[in-house]
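S.K.: A single structure is presented below for examination.
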Amino acid sequence: MEIVYNIVLVLHLLGWALVLGGAVYGMRSVTLSKGVLHGILTALIAGILMVGIASAGVAGDEPNNIKIGVKLVIALVVTALAIYGNRNSEKVTRGFLGAIAGLTTVNVAIAVLWS
């Protein structure tokens with residue numbers, strides 16, 4: 001089951017990479033690519049699966065629920081921004097894309113630095 005957890009972890013990281021890359025790339029032409037929405041949905045679903053696997057005691061220690069809660073709130077905000085940006089493309093600005101990129105960076109930093 002540890003192999004499944006590691007595969008889901010790779011999918012989670014690739015999802016966040018799609019979000020960050022899509023937001024930064026979109027700043028050139030001030031557009032939000034569909035990859036950002038697909039990336040955040042991948043990261044969100046993979047993160048939920050990772051917490052479920054870790055909570056079952058398969059992947060080592062019990063997860064830190066406060067950390068997971070903070071990361072989930074940030075992921076949900078990024079998801080809402082991605083959905084809103086895809087539906088209202090005329091409302092997308094560099095600041096909007098910067099918010100997505102910034103929140104993504106904060107989420108990754110929390111994952112790495114919060115122990």
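S.K.: Please give the helix 65-87 orientation as an angle from the longest Cα principal axis of the chain, in degrees from 0 to 90, rounded to the nearest 10.
M.R.: The answer is roughly 30 degrees.
S.K.: Between helix 34-55 and the chain, what is the angle of the helix's C-alpha long axis to the longest principal axis, kept within 0 to 90° and rounded to the nearest 10?
M.R.: 20 degrees
S.K.: Before anything else, pin down the relative contact order of the range 21-115: Cα pairs under 8 Å, at least 6 apart, normalised by residue count, whole percent.
M.R.: Reported relative contact order: 41 percent.
S.K.: Separate question: Report, in deg cm²/dmol and to the nearest 500, the calculated mean residue ellipticity at 222 nm for the chain, where each DSSP H run with n ≥ 4 adds -39500 (n - 2.57) and the sum is divided by the residue count.
M.R.: Mean residue ellipticity at 222 nm (helix-derived): -28500 deg cm²/dmol.
S.K.: Does anyone have the angle between helix 94-113 and the longest principal axis of the chain? Alpha-carbon axes, 0 to 90°, nearest 10?
M.R.: Roughly 10 degrees, rounded to the nearest 10.
S.K.: If the chain between Leu14 and Ala56 were fully stretched, how many nm would it gain, using 0.36 nm times the residue separation less the Cα-Cα distance?
M.R.: 12.7 nm
S.K.: Which one, Leu76, Leu18, Leu41, has the greatest fluctuation when you compute a Gaussian network model over the chain with C-alpha springs under 10 angstrom?
M.R.: Between Leu76, Leu18, Leu41, it is Leu76 that shows the largest mean-square fluctuation.
S.K.: Only one of the values (i) 2, 12, 22, 27, 21, 11, 4, 1, 0; (ii) 2, 13, 22, 24, 16, 11, 7, 4, 2, 0; (iii) 2, 11, 21, 24, 22, 14, 5, 1, 0 was calculated from this structure for P(r) over Cα pairs in 5 Å bins from 0, in percent; name its label.
M.R.: Here the calculated entry is (ii).
S.K.: If you don't mind, there's one more thing I want to ask. When the chain is modelled as a GNM with alpha-carbon springs shorter than 10 Å, which of Ala17, Ala82, Ala43 fluctuates the most?
M.R.: Ranking Ala17, Ala82, Ala43 by mean-square fluctuation puts Ala17 first.
No lab work stands behind these numbers, since they all come straight from the coordinates. Worth saying up front: this structure is predicted, and the values here are computed from it rather than measured.
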